[in-house]
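Student: Sharing a structure here in structure tokens format.
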Amino acid sequence: NTGAGVNIAHATQPQLRFVQTTGNYRMYLGIRTNDLIIANDSGAEKVRFEQNGNVGIGRTDPQQLLEVHKAAGGDQTVAKFSAHNYGDTGKTFIEIGTEYGDGSSRIGSFNDTGNKSVLVFDTHDATSGAFAERMRINSSGNVGIGTVDPDNTLHIHKGSAGTVDGNTNAPLTVENSAANYIQMLAPNGQETGILFGNPA
């Protein structure tokens with residue numbers, strides 16, 4: 001004992017049991033194989049905190065700092081990150097990057113209209129603590145790079161072309177405010193080009 005506290009001692013599985021008398025519900029907090037675990041009413045392990053700091057939810061042998069596992073096949077939502085911003089354009093982000101934020105990137109989602117959602121991808125801007133949106137996928141599946149309102153399946157926007165009307169049958173739009181090119185590069189001796197064709 002390295003300090004003041006309460007010791008719960010047992011030869012194999014010391015544990016603290018919480019009981020709700022109404023309905024006779026139980027939860028367990030205890031030690032298994034030297035790790036701290038949380039178990040449900042039947043004693044089945046649900047969360048494990050290993051001595052090395054790894055945490056497993058649905059995993060008894062987490063190999064990373066956090067592992068979340070759902071023991072079911074098919075399409076599954078394993079984890080959800082949400083914020084109370086339904087009905088507005090406030091975004092919920094997952095940030096990936098450095099400890100202090102600079103140099104990080106993030107992926108976010110927000111409610112568009114009704115049940116529609118928009119997925120956005122931000123990178124860290126030159127200003128410390130500032131993010132800038134680089135790409136989004138709207139609720140219809142259109143992808144916009146440099147634009148928040150993609151007109152086609154893929155809309156690459158470097159600058160506004162003004163009031164030019166795009167062809168809605170074109171899967172790809174490349175827009176610029178000046179001279180506009182699609183560039184294809186190949187090493188010496190190799191061909192490059194665009195192929196056109198119809199089914200035979």
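Student: Could you check which residue among 122, 75, 149 shows the biggest mean-square fluctuation in a GNM of the chain with a 10 Å Cα cutoff?
Tutor: Comparing 122, 75, 149 in a Gaussian network model of the chain, the most mobile one is 75.
Student: Nearest 20 debye, what's the magnitude of the dipole of segment 11-161 about its Cα centre given +1 on Lys and Arg Cβ and -1 on Asp and Glu Cβ?
Tutor: Computed charge dipole of segment 11-161: roughly 480 debye.
Student: In segment 81-155, which GluC sites (Glu not before Pro) are in a loop and have at most 15 other Cβ atoms within 10 Å, using DSSP for the loop call?
Tutor: Numbers: sites: 95, 99, 133; in loops: 99.
Within segment 81-155, the qualifying GluC sites (Glu not before Pro) (loop, at most 15 other Cβ atoms within 10 Å) are 99.
Student: Quick check for me: using +1 on Lys/Arg Cβ and -1 on Asp/Glu Cβ, what's the dipole size of segment 103-154 about its Cα centre, in debye to the nearest 20?
Tutor: Numbers: 4 positive and 6 negative charges, 30 e Å.
Charge dipole, segment 103-154, about its Cα centre: 140 debye, nearest 20.
Student: Give the carbon-plus-sulfur fraction of the accessible surface of segment 139-200 in %, rounded to a whole number; probe 1.4 Å, heavy atoms of protein chains only.
Tutor: Carbon and sulfur atoms account for 53 percent of the accessible area of segment 139-200.
Student: Right, here's the next one. Using +1 at the C-beta of Lys and Arg and -1 at the C-beta of Asp and Glu, which of 36, 127, 197 has the Cα lying farthest in the positive direction of the dipole of the chain?
Tutor: Ranked along the dipole, the leading option is 36.
Student: A follow-up question, please. Starting from 0.36 nm per residue, how many nanometres of slack lie between residue 17 and residue 76 once their C-alpha separation is accounted for?
Tutor: Numbers: separation 59, 0.36 × 59 = 21.24 nm, distance 3.13 nm.
Going from the current span to full extension adds 18.1 nm.
Student: I've got another one for you. Quick one: with all protein chains in place, what share of the accessible area of segment 1-71 is carbon or sulfur, to the nearest percent (1.4 Å probe)?
Tutor: Using a 1.4 Å probe with all protein chains present, segment 1-71 comes out at 53 percent carbon and sulfur.
Student: To the nearest whole percent, what portion of all C-alpha pairs in the chain is separated by more than 23 angstrom?
Tutor: 69 percent
Student: Find the accessible area per residue for segment 1-101; the probe is 1.4 Å, ligands and nucleic acids are left out, and the unit is Å².
Tutor: Per-residue value: 79 Å².
Student: For segment 30-123, which chymotrypsin sites (Phe, Trp or Tyr not before Pro) are both in a DSSP coil and crowded by at most 12 other Cβ atoms within 10 Å?
Tutor: Of the chymotrypsin sites (Phe, Trp or Tyr not before Pro), the ones in loops of segment 30-123 whose Cβ has at most 12 other Cβ atoms within 10 Å are 81, 86, 100.
Student: Right, something else. Could you check which residue among 117, 109, 42 shows the biggest mean-square fluctuation in a GNM of the chain with a 10 Å Cα cutoff?
Tutor: Fluctuation is largest for 42.
Student: Work out the count of Lys pairs in segment 51-200 where the Cα-Cα distance is under 21 Å, with the pair 8 or more places apart or on different chains.
Tutor: Close lysine pairs under the 21 Å cut-off: 4.
Student: Evaluate the relative contact order of segment 106-200 (contact order divided by residue number), counting alpha-carbon pairs under 8 angstrom at least 6 apart; express in whole percent.
Tutor: 14 percent
Student: Moving on to the next point. Would you pull out the residues with amide H under 5 Å of residue 112's amide H, same chain only if 5 or more places away, H placed 1.01 Å from N?
Tutor: Counting only residues 5 or more places away or on other chains, the set is 117, 118.
Student: What does the charge count around residue 58 come to, taking other residues whose C-beta lies under 10 Å from its C-beta (Lys +1, Arg +1, Asp -1, Glu -1)?
Tutor: Numbers: positive: 46, 48, 59, 70; negative: 45, 67.
Cβ neighbours under 10 Å give a net charge of +2.
Student: Now a separate question. I need the trypsin sites (Lys or Arg not before Pro) found in segment 1-77, filtered to DSSP loop residues with at most 16 other beta carbons within 10 Å of theirs. Spell out each step's value before the answer.
Tutor: Working: sites: 17, 26, 32, 46, 48, 59, 70; in loops: 59, 70.
Qualifying residues, ordered by number: 70.
The values are calculated or read from the model by the stated rules, or taken from the named source; none is laboratory data. Since we're looking at a predicted model, the values are computed, not measured. As a convention, Cβ positions derive from the backbone with ideal geometry for all residues, glycine included, and neighbour counts pool all protein chains shown. To get the accessible areas, we keep the full protein, side chains included, count just its heavy atoms, and leave off ligands, DNA and RNA. Shrake-Rupley method; radii C 1.70, N 1.55, O 1.52, S 1.80 Å.
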